[in-house]
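The values are calculated or read from the model by the stated rules, or taken from the named source; none is laboratory data. Keep in mind that what you see is a predicted model, and the values were worked out from it rather than measured. Using ideal geometry, Cβ is built from the backbone for each residue, glycine included, and neighbour counts are taken over all protein chains shown. Each accessible area value is taken on the protein alone, full model and side chains, heavy atoms only, with ligands, DNA and RNA left out. Shrake-Rupley method; radii C 1.70, N 1.55, O 1.52, S 1.80 Å.
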Amino acid sequence: MDCDRAARLLVSRIDGELEAGVALEMEAHLGSCPACRAREEDERSLRALIRAGAPALEARPASLSPSQLLFRSRRAFAEEASLVRSLKRVAGLAAALLLTSGLVIALEKRDRPAEDFEASIGVVASSFDAPLEVLIDQENSIMLGLGQ
Amino acid sequence: LKILARGKSREAAPLLARPPDDQELVVRILAGDDAAFGTLVQTYWERLFRLALGILGDWHLSEDVLQEVFVLVHRKLGSFDGRSSLLTWLYRVTVNAALKARQRERRKSLPSLSPEFDRSAPGPASGSELEMKELGQKLLRCLPAKLRAVVLLREWEGLGYEEIGRVLGLSRGAVEQRLHRAMVELRRVWNPARKEEWLHGL
């Protein structure tokens with residue numbers, strides 16, 4: 001094992017995450033390489049400092065009382081429900097408008113070949129359900145980690 | 001009254017005997033049991049708050065993020081599929097919410113250290129506990145948020161590489177690589193011989 005590889009694997013060694021075979025190779029390398037041994041010492045003391053940096057938390061902040069969180073959750077739920085209702089209303093209106101204009105277009109294109117007629121109806125139909133998806137996008141991205 | 005009391009004690013007895021496990025908690029919360037949600041908050045707030053605090057370095061912002069996390073958890077618990085442990089899932093939601101909040105608050109973000117810190121003769125890095133704590137927190141701030149999250153999950157939360165990978169959506173190898181990059185960065189900025197400057201000047 002050379003020093004580059006040893007340096008890359010050092011974190012796994014310190015965390016006990018090396019496979020047994022590699023761990024032995026590593027042990028042998030460290031036995032014969034003072035530079036890598038010094039590096040291991042450095043990394044271990046850096047980690048000790050990082051661990052020491054963990055804050056001691058005593059009492060739960062008042063803002064995290066379950067009753068307050070439940071209240072917020074239910075309010076958010078109610079807000080979302082009413083938003084969905086109004087969006088549905090808007091979407092319904094938009095759909096009606098699109099359908100009407102679609103029919104007008106379709107009637108105008110009555111003389112054209114059949115595929116054209118179906119295509120224009122298809123475009124109108126597929127434009128109905130876009131806005132509702134946008135609503136829950138932000139929350140889902142937090143839940144699923146898509147936002148990074 | 002007696003009947004009521006008897007009914008109550010019969011319900012309460014198994015809860016006193018052992019704390020409800022995570023799966024049971026999830027089922028009860030989904031069924032609308034507010035007390036079960038209270039148990040979840042009480043069980044996990046400390047670990048999640050510490051993690052958010054480590055990523056954000058700001059108490060008030062971390063409180064906001066944790067509120068957001070618990071409200072989301074209450075509303076979206078149905079999307080927890082049980083493939084990972086509940087705690088892993090909670091860590092995941094918290095890391096994502098904290099990184100998002102960090103993006104939002106970029107302008108107020110913590111000052112990074114000047115890169116001129118050289119590492120000459122390494123000396124003993126001992127000191128009082130308070131000093132260690134301060135140094136540890138300052139060192140963490142030197143890391144970009146995504147590396148910091150890996151380091152925190154490892155050193156503060158004690159997770160293994162597999163589980164860190166599940167929290168962050170990374171392979172085991174990618175976790176190892178990020179930890180290695182974090183250590184390279186920390187060794188680059190840290191010089192024990194200039195501890196006093198770290199404590200007072202930064």
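Within the stretch B:68-94, residues that are facing chain A (nearest Cβ under 9 Å) reach partners that are outside any helix (DSSP H, G or I) and of a type in the set (Gly, Ala, Ser) with beta carbons closer than 7 Å, at six or more positions or on different chains, in the pairs B:Arg92/A:Gly145. In the set (1) facing another protein chain (nearest Cβ under 8 Å); (2) in contact with a Lys or Arg (Cβ under 6 Å, 6 or more places away or on another chain), the condition left unmet by B:Met183 is number (2).
Whenever a residue of the stretch A:1-17 is over 16 Å from A:Ala35 (Cα atoms), its partners that are aromatic (Phe, Trp, Tyr) and not in a loop (DSSP other than H, G, I, E, B), lying with C-beta atoms within less than 6 angstrom and at least six residues away or across chains, give the pairs A:Glu17/B:Tyr161. Scanning the stretch A:11-37 for residues that are surrounded by 17 or more Cβ atoms within 10 Å (Cβ to Cβ), of a type in the set (D, E, K, R) and within 13 Å of A:Met1 (Cβ to Cβ) returns a single hit, A:Arg13. The C-beta contact set for the stretch A:53-71 (first residue closer than 20 Å to B:Asp58 by Cβ and more than 7 Å from every other protein chain (Cβ to nearest Cβ), second residue surrounded by 13 or more Cβ atoms within 10 Å (Cβ to Cβ) and not charged (D, E, K, R), distance under 8 angstrom, 6+ apart or interchain) comprises A:Ala62/A:Gln68. Residues in the stretch B:29-42 that are within 14 Å of A:Pro61 (Cα to Cα) and touching a residue at least 24 places away in the same chain (Cβ under 8 Å): B:Val41 alone.
For the stretch B:37-50, the set of residues classified as open to solvent by less than 40 Å² (accessible area, probe 1.4 Å) and either more than 10 Å from every other protein chain (Cβ to nearest Cβ) or not in a helix (DSSP H, G or I) (or both) consists of B:Tyr44 only. Filtering the stretch B:175-202 to residues that are open to solvent by 60 Å² or more (accessible area, probe 1.4 Å) and free of Cβ contacts under 8 Å to residues at least 12 places away in the same chain leaves B:Gln177, B:Val184, B:Glu196, B:Glu197, B:His200, B:Gly201. When the test is whether a residue is in contact (Cβ under 8 Å) with a residue 40 or more places away in the chain and open to solvent by less than 70 Å² (accessible area, probe 1.4 Å), A:Glu40 does not pass it. So which of B:Arg172, B:Arg148, B:Arg166 ends up being open to solvent by 10 Å² or more (accessible area, probe 1.4 Å), in contact (Cβ under 8 Å) with a residue 12 or more places away in the chain and not small (Gly, Ala, Ser)? None of the other options fit; the residue is B:Arg166.
Counting the residues of the stretch B:149-165 that are within 8 Å of another protein chain (Cβ to nearest Cβ) and closer than 17 Å to A:Leu10 by Cα gives 5. Inspection of the stretch A:60-83 finds no residue satisfying the criterion of being more than 30 Å from B:Val69 (Cβ to Cβ) and at pLDDT below 95. Against the list (1) free of Cβ contacts under 8 Å to residues at least 24 places away in the same chain; (2) over 30 Å from B:Leu66 (Cβ atoms), the condition A:Ala95 fails is (1).
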